[in-house]
1. In the structure displayed, which of Lys114/Lys166; Lys5/Lys114; Lys39/Lys114 lie more than 25 Å apart, Cα to Cα?
2. Averaged across orientations, what area in nm² does the convex hull of the alpha carbons in segment 136-182 project?
3. Quick one: angle between helix 34-43 and the longest Cα principal axis of the chain, in degrees between 0 and 90, rounded to 10, please.
4. Where Lys and Arg each count +1 and Asp and Glu each count -1, what net charge lies around Ile57 among other residues with Cβ under 13 Å from its Cβ?
5. Counting every Cα pair in segment 1-67, what percent are over 17 Å apart?
6. By average Cβ neighbour count within 10 Å, what is the ranking of 48-54, 62-68 from highest down?
7. If you look at just the Cα atoms of the chain, how large are its Rg and its Dmax in Å?
8. With +1 on each Lys and Arg Cβ and -1 on each Asp and Glu Cβ, and nothing else charged, work out how big the dipole of segment 6-184 is about its Cα centre, in Debye to the nearest 20.
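Computed from the coordinates by the stated procedures, all read-outs in this text should not be read as laboratory data. Remember, predicted model here, so these are calculated numbers, not experimental data. As a convention, Cβ positions derive from the backbone with ideal geometry for all residues, glycine included, and neighbour counts pool all protein chains shown.
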Amino acid sequence: MGKIKVVFIDRDGTINVEKDHLFRVEDFELIPHSLEALKMFTERGVRIYIVTNQGGIAKGLYTEAQFHSLTDHMLDAFKAEGVAIERVLYCPHHVEGTIPEYAVDCLCRKPNTKLIEEIIDQEQILPGEAVLIGDKNSDIDAGNKVGMETYLVLTGYGMEHRSETKASFVTDDLFSAARDIFERNH
Ligand SMILES: [Mg+2]
Ligand SMILES: [Zn+2]
């Protein structure tokens, strides 16, 4: 394995099919081959962090507990397949939220970088040893701000975000991003 030690991956539209304000376990549907991509990272010792904006919590569309239930379901499913996720980092905030405690202009909602920077510090890695993969330019901009290479995938909102993207690379999906990362870093 080469220099990449950590990968930050967006959830909705990157790992699982984008559905507006997803929180029900029965609506959780993996994008084809995203599981293989996650396995590839796990097998090669790359530590996986999922980073997800969950403004639906602030908007009162679902609760933080419901978010955690879905997370538990997802992590159990991944574990059964031999995929290790270090942590799921999430931002429950949104400026236009209706739940006062979450209706703040925070530092953790992507493209802000608080969650990512905390992990970089904790893992004691350089930005060049991490990669970020997401389907929106808010993901890409967060990765770019901290100086890591970024992949825009064309699943989820990727096609809409492609023309304006500042991503280092554009790939069809998470699986092609994973393959490309290993091809360039072996
Ligand atoms: Mg997304
Ligand atoms: Zn936040």
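1. The pairs that break the limit, which is 25 Å between Cα atoms, are Lys39/Lys114.
2. The Cα convex hull of segment 136-182, projected and averaged over all directions, gives 2.9 nm².
3. 60
4. Working: positive: Lys59, Arg109; negative: Glu64, Glu96, Glu101.
Local charge sum for Ile57: -1.
5. 49
6. 48-54, 62-68
7. Final numbers for Rg and Dmax: 15.4, 48 Å.
8. 200
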